[in-house]
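Here is the structure we will look at.
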Amino acid sequence: MRRVVVTGMGCVTSIGANLDSFWSALLRGEQGISPLPGIEPGDLRFTHAAQVHHFDPAQYLSPDITKVSERSSQFALVAAQQAILQAAWKNPPQMVATILGCSTGGRSIEEPETAMLYRTGGRVHPLTVPRSMASSGTALLAMQHGFSGPAFTLSTACASGAHAIGLAFQAIRSGSVDAAVTGGHEAPLTYGFLKAWDSLRVVSKSGSKPFAADRDGMTLGEGAAMLVLESYDHATARNAEIFGEVVGFGMSCDASHMTQPSGSGAVQAMQAAMRDAGITPEQIGHINAHGTGTVVNDDVEAKAIHAAFGAHTSALVVTSTKAAHGHAMGASGAMEALAAVQALREETAPPTAGITEVDGSLRLDIVMETPRTLTTEFALSNSFAFGGMNAVLAFRAFR
């Protein structure tokens with residue numbers, strides 16, 4: 001069983017289009033939430049989302065790639081380019097896996113084409129299928145860099161990115177591959193998507209405030225985050241800079257309800273991640289929580305943390321970065337994994353943006369307003385999805 005380390009990270013988010021700007025914005029407590037364009041007053045109960053602005057794929061991608069890709073895949077490709085550049089591969093390993101998470105696929109292409117077809121008829125664009133496939137980002141990334149190892153896309157709703165990273169970790173640890181480019185990407189902010197979420201009545205009217213006393217829902221988002229993972233032996237043999245270590249991965253299913261979390265599955269996944277890492281709850285000092293900002297979800301996650309950690313819960317430093325970058329569906333778990341690795345690397349937990357009063361009934365030490373110094377060696381990143389599909393990643397500081 002090989003050790004697995006992080007040698008590259010990249011992202012495109014509403015608070016920053018690369019790792020440095022993303023991390024700096026998190027530490028400042030910025031919220032990348034802005035008004036939705038083209039929405040008539042009263043059409044939606046919410047008016048804002050965490051959108052990526054001023055993104056021009058032509059600045060980063062060749063015309064051949066932009067022709068066959070759409071916004072979600074383009075986010076993935078640009079974030080992956082950053083991670084691969086940071087990993088500084090002079091010669092890529094022979095066996096590189098490409099494992100990405102994507103929940104909604106190419107909605108930004110498929111939805112307008114479908115609307116046009118139903119409204120006026122006519123001919124659908126001949127590249128609609130390859131552009132809108134959920135697996136397009138994975139395929140294009142592998143082709144762009146010549147990665148011939150295992151390549152696939154996972155779709156487990158909001159846990160997609162975390163599941164992808166976990167399976168990439170397992171593939172390297174087992175010896176199936178030497179390295180992987182992994183993470184999540186999403187560009188779901190189409191009119192139909194927004195209307196569907198509006199119908200669920202879980203989107204905040206004022207902006208996501210995870211674990212806050214006055215929280216009233218989530219904020220939808222978009223973007224991508226990617227990691228380069230390598231075996232420790234491979235990374236040290238080429239004198240690579242190592243930013244952190246993946247040490248455990250836990251999965252579970254509530255097997256209970258499509259939209260209402262039960263909590264038992266979250267407990268099981270956190271315990272499985274720690275068991276996989278060979279560590280005790282007392283060794284964890286930081287959790288990047290799923291923390292959506294809905295009343296029910298935050299309450300269930302808080303209870304799950306108490307069940308998994310017992311008396312040690314009071315010593316945990318907890319953050320939800322969704323308050324900053326929004327709930328980017330399948331990309332969220334990957335964004336949060338980046339934040340967890342950076343928190344250990346910089347010995348600093350970012351604040352949960354926009355909250356000034358924590359819900360005292362949750363009995364969690366939520367970081368708010370200013371960053372918090374961390375002295376822990378281990379952190380968890382939680383991702384809990386609709387359908388009760390749970391994924392928890394355990395990271396270790398590399399010093």
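A short reminder: the numbers here are calculations on the coordinates, not readings from a lab. For clarity, every value in this text was computed on a predicted model and none was experimentally measured. Quick reminder, even Gly has a Cβ in these numbers, built from the backbone with ideal geometry, and neighbours come from all protein chains shown.
Assorted remarks:
- Computed from the C-beta positions of Lys205 and Thr114 and an R0 of 45 Å, the FRET efficiency is 0.95 to the nearest 0.05.
- Rg/Rg_ref, the stretch 211-275, where Rg_ref = 2.2 N^0.38 Å and atoms are Cα: 1.67
- Cα Rg, Dmax (largest Cα-Cα span) when computed across the stretch 92-238, Å: 18.6, 60
- Electrostatic bookkeeping for Asp198 treats Lys and Arg as +1 and Asp and Glu as -1; over the other residues with beta carbon under 10 Å from its beta carbon, the sum is +2.
- Helices in the chain, meaning DSSP H runs of at least 4 residues, each add -39500 (n - 2.57). Divided by all residues, the mean residue ellipticity at 222 nm is -10500 deg cm²/dmol.
- D (Stokes-Einstein, µm²/s), Kirkwood Cα radius, the stretch 108-190, 0.692 mPa s at 37 °C: 222 µm²/s
- Ranked list, fewest to most other Cβ atoms within 10 Å of each Cβ, for Asp56, Asp43, Asp216, Asp298: Asp56, Asp43, Asp216, Asp298
- Potential extension, Glu346-His125 segment - 0.36 nm per residue separation minus Cα distance: 74.9 nm
- Put simply, the amide H of Val317, placed in the peptide plane, has neighbours under 5 Å in His286, Ile287, leaving out anything fewer than 5 places away on its chain.
- Gain on full extension, evaluated as 0.36 nm per residue between Ser21 and Ser361 minus their Cα-Cα distance, stands at 119.0 nm.
- Under 15 Å from the Cα of Lys303 - aspartates and glutamates, other chains or at least 8 residues apart: Asp254, Asp359, Asp365
- Whole-number D in µm²/s for the stretch 265-395 (Stokes-Einstein; Kirkwood sum over Cα pairs; 37 °C, 0.692 mPa s): 228 µm²/s
- Between Arg399 and Ser314, the FRET efficiency estimated from the beta carbon spacing at R0 = 35 angstrom works out to 0.85.
- Relative counts (whole %) of C-alpha pair distances in the stretch 201-314, using bins that are 10 Å wide: 12, 32, 34, 17, 5, 0
- Electrostatic tally near Arg131: other residues with Cβ closer than 11 Å to its Cβ, Lys and Arg +1, Asp and Glu -1, net 0.
- Backbone HN-Hα couplings from phi across the stretch 64-75 [Karplus 6.51/-1.76/1.60, Hz, Gly and Pro as x]: 5, 6, 5, 5, 9, 10, 10, 4, 4, 5, 5, 4
- Sorted largest first, the spans of the alpha carbon positions of the chain along the three principal axes are 63, 53, 39 Å.
- For the pair Ile39 and Ala237, a Förster radius of 41 Å applied to the C-beta separation gives a FRET efficiency near 0.20, rounded to the nearest 0.05.
- Translational diffusion coefficient (Stokes-Einstein; Kirkwood radius from C-alpha pairs) of the stretch 1-100 at 37 °C, 0.692 mPa s, in µm²/s: 204 µm²/s
- Neighbour cut-off at most 11 other Cβ (10 Å), DSSP loop, trypsin sites (Lys or Arg not before Pro), the stretch 82-182: Lys90, Arg123
- Stretching the chain fully between Gln283 and Met1 yields a gain of 99.4 nm (0.36 nm per residue, less the alpha carbon separation).
- Summing charges over all other residues whose Cβ lies under 12 Å from the Cβ of Gly217, with Lys and Arg as +1 and Asp and Glu as -1, gives +2.
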